[in-house]
Every structure is written in C-alpha cells, then in structure tokens.
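One structure is given here, and the rest of the page talks about it.
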Amino acid sequence: MSGPRKRRPSLLAVEDRSRNDSSATSASAPKVVKGSSEVARCDPSSEGYGEMTEGSIERLLTFLKTITTKTLAVPLPKSAQPEDGLSVRASPSGLSFAPEADSSWNLTRSSSFIDIGSGYGKVVLHAKLSARVRSAAGIEYVTSRAVMASETKEELTSGQHSFLTHEARTLLKTGCRLELGDATKYGKFNFSHVYMYDKVFSERTIALLAKQLNQSPYRVLVSYQRVEVWRRLGLRNIAEAAALTMRTTGGQNFKAYIYINTRSP
Ligand SMILES: C[S@@+](CC[C@H](N)C(=O)[O-])C[C@H]1O[C@@H](n2cnc3c(N)ncnc32)[C@H](O)[C@@H]1O
C-alpha cells in the first residue's frame with residue numbers, strides 16, 4: 001500500500017530555498033539596483049502571501065492581449081480625479097471619456113512588461129513565454145527571492161529541461177531580466193504594461209509608486225488596489241477598464257483591476 005503521493009515541486013514553485021538573504025554572487029545573480037535588501041528587512045508585510053495560480057495569470061495575459069476589443073464596447077470614463085487633487089468619482093451625468101481605444105493598450109510582442117515586486121519571478125517568466133513580449137522585467141527587494149528568480153531563469157535557459165524548447169529558451173535569454181532593488185526608488189517605469197500584486201503594499205509604498213507612475217509612459221496598469229486608493233495616494237490619469245477575478249494557490253479569490261493611462265503617450 002502506498003501512502004499519499006509526494007508532490008513534486010514545480011520548477012517555478014514558490015518555496016524559499018534560501019532562508020537567509022544570501023548575497024548575489026553566482027553567475028545567475030540578479031542585477032542590483034539601488035536600495036534593495038535593507039528595505040526588505042524592515043517590511044514584515046512582504047512575507048506570507050499566496051501566489052496567483054498559473055491559470056489565473058494566463059487568463060489575465062490573454063485578457064490583456066485583447067483589451068481593446070474586449071473592454072471598449074463602452075468608452076472608458078476619463079480620469080475622474082481633477083488635477084487640483086480633489087478625489088471624486090465621475091458622476092454618470094458628467095462623464096468625460098478617455099481617448100479612442102488605442103492598440104498600444106494591448107499586450108503584444110512589441111510590448112514591455114514589468115512586475116513590480118516580482119517575488120520569485122513567476123509572472124515575469126510567464127509573460128515572456130506566453131505573451132512573448134519584447135521585454136519582461138521584474139524588480140524585487142527581498143534578496144533571497146530575487147536570487148531565486150534569477151536562478152530559476154538560469155536553470156530554464158541552461159537546456160537541462162527537455163520540456164522547454166530551444167525557442168522558449170531563446171525567448172528567456174533575450175529581453176527577460178530580474179532585478180534586485182527597491183521599486184520605490186526605480187524612477188520612471190519605461191514599460192507599456194505594469195503589473196503589481198500589491199495587496200500587501202503599504203500606503204507609503206503605493207504613494208511612492210504613484211509618484212513614479214505619474215512620470216511614466218505606461219499604457220496599462222494591473223493592480224489589486226481599488227481606483228479610490230490609487231487616486232487618494234496620488235495616481236493621476238487612470239481609468240478602470242475591467243476587473244478580473246484571480247485565484248491564489250491557497251484558494252483565495254482577489255480582484256485584479258486593469259487601469260488605462262488616459263494621458264496621451
Ligand atoms: C505578493 S508578492 C508578489 C510576487 C509576484 N509578483 C507574484 O505575483 O508572484 C509581492 C512582492 O513584492 C515585493 N515588494 C514589496 N515592496 C517592494 C518594493 N518597494 N520594491 C521591490 N519589491 C517589493 C515583496 O517582497 C514581495 O516579494
């Protein structure tokens with residue numbers, strides 16, 4: 001008689017291999033950008049999240065690929081926050097509308113994608129392999145996670161896994177980077193699509209990210225924070241296009257909101 005089968009850990013499984021924050025010394029070490037591990041140590045909220053299932057991420061990416069056709073039968077209300085800082089929702093009577101649907105909203109092979117707070121890099125690798133975006137990046141400030149993300153990418157590109165085709169390995173080798181650093185000190189996000197699983201981000205972090213996003217030429221933002229939160233914390237020129245229910249591996253459901261940057265590029 002055999003007992004319960006042991007689960008083989010997925011290659012991309014979230015499992016902290018290195019309990020300590022090891023320093024990035026190996027060939028697969030992530031590029032270090034300013035302000036990294038010291039911030040992580042003083043942010044207790046960064047532990048203890050459930051990751052999104054691969055199915056949910058794939059569904060989100062599929063949605064983003066066809067965002068204009070799926071969501072824009074009805075024009076989007078333009079950013080309801082007046083630039084003087086008053087935070088109000090647009091009243092149905094006084095709607096002004098965002099510009100015409102723009103094909104740059106769709107996630108395509110010429111898009112650039114960043115996961116802010118990329119953890120073990122799963123979403124970044126998924127975006128590169130599934131949506132085949134021109135570039136996929138992640139920034140993570142917990143050293144052990146950023147290192148593991150880089151090691152995973154190295155392992156996948158090394159050729160030791162027969163389930164990855166040569167083409168997939170080439171995709172990962174080009175235009176896929178996982179960085180170690182504090183996203184609140186990143187500066188302008190030069191990406192068309194910005195993703196963040198920001199449920200546990202502090203208001204301070206969100207406010208700092210909002211400041212940077214206001215300077216950034218992004219087209220689409222995916223966040224788990226409601227529009228009211230973003231506006232209150234300073235993000236301007238966004239309109240909510242859709243909300244998708246995402247499922248975590250722990251069985252919880254969260255709403256991912258898809259926002260359009262209504263400011264012209
Ligand atoms: C909920 S996890 C999401 C991981 C990954 N994006 C995913 O979806 O699987 C959030 C991650 O954001 C990281 N994080 C939080 N604030 C950050 C910051 N200011 N800069 C970089 N990473 C940050 C945390 O360390 C954590 O790994």
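Per-peptide packing, taken as the mean over residues of other Cβ atoms within 10 Å, places 109-122, 233-246, 209-222 in the sequence 109-122, 209-222, 233-246 from highest down. The modelled label-to-label distance between Gln215 and Thr68, using points 7 Å beyond Cα along the C-beta direction, is 3.0 nm.
Between Ser103 and Lys185, the modelled label-to-label distance comes to 4.1 nm, taking each label 7 Å out from Cα in the direction of the beta carbon.
Residues whose amide H comes within less than 5 Å of that of Cys176, counting only those at least five positions distant or on another chain, are Ala136 (H built at 1.01 Å from N in the peptide plane). The Thr53 and Lys173 beta-carbon pair, evaluated with R₀ = 22 Å, returns a calculated FRET efficiency of approximately 0.25.
Label-to-label distance for Leu244 and Ser158 is 3.2 nm, based on points extended 7 Å past Cα in the beta-carbon direction. With the cut-off at under 14 Å, measuring from each backbone N in the range 118-146 to a point 7 Å along the Cα-to-Cβ line of Thr165 picks out 129-132.
Each reported figure results from applying straightforward, stated rules to the coordinates on display, with no laboratory input. Quick caveat, the model's predicted, so the values are computed rather than measured. With ideal geometry, Cβ positions are generated from the backbone for all residues, glycine too; neighbour counts draw on all protein chains shown.
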